[in-house]
Amino acid sequence: MFEQESKTAGPKVTIYFSVPQSSDFGIIGRAELKGHIHTAATLLKSSSFSDEASHAVLETLRSLLQEPKLWSQRSESYAIFASPSILRYYALPLRVAENVWIGNDFRLTPLIPLLSLPEHFYLLDVSRGKPRMARIHPQFAIPISLEDVWALEESFDSEDIVHDRAFHTSAPASGEAHHGGMVPHGGSQDGDFRKREHLIQALAQAVNSALRNEHVPLVITGTEEVIAHFRKHLPYHNVLVSPNRLAVPEGNPLTLDGHLWQTCALLDSSRADVSETEGSQLEALRAQGRVTEDIDTILSLSATGGIMTLMVNEPELAAISSDPSNPDHVNAALILTLRHHGTVMSRTNFHSPTGVAALLRPAVTVNQS
């Protein structure tokens, strides 16, 4: 989309809006969008764009009021990007601030929290009983088979386990007054422990195999004891533990309401270990001259593909009021960074007078004043 955007003429209209959780969200959503289109028309009227171009983009936007795909299923938020030759609309799994912008570029800064998150998560239930796993996307889930583990568990369950196993002692043959007794045997408990250990190891191997080519977070739900035991055997390191029990979807690929993905996303964005690790990495790169917070330098390097990661501190960015052009510069840097296959992250573990910091590619350095 970014390559196509750069070659099209303005005006470019960006609209973000949300609708309430209601059975008639489609009716409410159309009314919301109609109001935002009216706002866009007012902004265009006072802009320098031609009447012909403005009319074209407004007609494109009005066509969405009757677009069935847009209103087929409610989402937390919606993003619309329109120009005389482009129309894109997206259902977003996270709530974003409502607003309307017009200009020569689309406004992408409200999407920074979404751009910072993985496209999907994995969710695993390791509570006692049948383990379940699924890949969680913003609006659907794909269950993942753990068939070998399930088969192993069923084979254990089908065995004739003798609980409270005991040995009987008979009276001596000499006829002495001696009664037989029962001597308990601990074999059953040892057997159950070994089987549980075998199952945990098999599950860890199966999960690690399923995540062999992945780097996204694995969210684990279940009892604390079993989770701790399971993690000792799991080589995969990008793990989050849910403090609350989460239900893993079963069956065929399922349509979700987005809340399960949002729960995983909230866990990911609040993890302390990532902030500490990234903070250390940031300082190490800064010492190598591979970090800059100067917005002019960031703009220049983003245009040539020199930025590896653009980090945005949204609270700091929102608090900046001395230079009204800063948000436009950040938006431009964001677009250029993505266009050159860089990444964008929303982080609050750094402080910058511009609200942004750029991690430069290995071959690029800047002088630190």
Legend entry - Simple spin-label estimate for Asn99 and Ala247 in nanometres, 7 Å along Cα-Cβ: 3.8
Legend entry - Gap separating the Cα centres of segment 53-110 and segment 127-153, nearest whole Å: 36
Inset, instruction - Take the solvent-accessible surface of the protein heavy atoms, probe 1.4 Å, and return the percent of it on segment 8-47 that carbon and sulfur atoms account for. - result: 59
Inset, instruction - Rank-order 25-31, 14-20 by packing density, defined as the average count of other C-beta atoms within 10 Å over each peptide's residues, highest first. - result: 14-20, 25-31
Legend entry - Span per principal axis, largest first, for the Cα atoms of segment 278-358 (Å): 31, 25, 18
Inset, instruction - Starting with the highest mean, order 279-289, 328-338 by the number of other Cβ atoms within 10 Å, averaged over the residues of each peptide. - result: 328-338, 279-289
Inset, instruction - Select from segment 216-251 those trypsin sites (Lys or Arg not before Pro) which occupy a DSSP coil region and have at most 14 other Cβ atoms within 10 Å, ordered by residue number. - result: Lys232, Arg245
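Counting only heavy atoms of the protein chains, get the accessible area per residue of segment 108-157 (1.4 Å probe) and round it to a whole Å² value.
Values: 2140 Å² over 50 residues.
Ligands and nucleic acids excluded, the result is 43 Å² per residue.
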Inset, instruction - Using Cα positions and a limit of under 19 Å, work out the lysines in reach of Lys34, with same-chain residues fewer than 8 apart set aside. - result: Lys12, Lys45, Lys69
Legend entry - Virtual spin-label span in nm between His233 and Ser46, 7 Å along Cα→Cβ: 6.6
Legend entry - Under 10 Å, Cβ to Cβ, from Ala91 - net charge with Lys/Arg +1 and Asp/Glu -1: +1
Inset, instruction - Give me the percent of the accessible area of segment 62-164 that comes from carbon and sulfur atoms, probe 1.4 Å, all protein chains in place. - result: 49
Inset, instruction - Report the label-to-label distance for Ser85 and Arg196 in nanometres (one decimal), using points 7 Å from each Cα along the Cα→Cβ vector. - result: 6.6
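The values are calculated or read from the model by the stated rules, or taken from the named source; none is laboratory data. Predicted model, so just to flag it, every value in this text is computed and none were measured. Quick reminder, even Gly has a Cβ in these numbers, built from the backbone with ideal geometry, and neighbours come from all protein chains shown. Ligands, DNA and RNA are stripped out before the accessible areas are found, and what is left, the full protein with its side chains, is counted by its heavy atoms. Shrake-Rupley method; radii C 1.70, N 1.55, O 1.52, S 1.80 Å.
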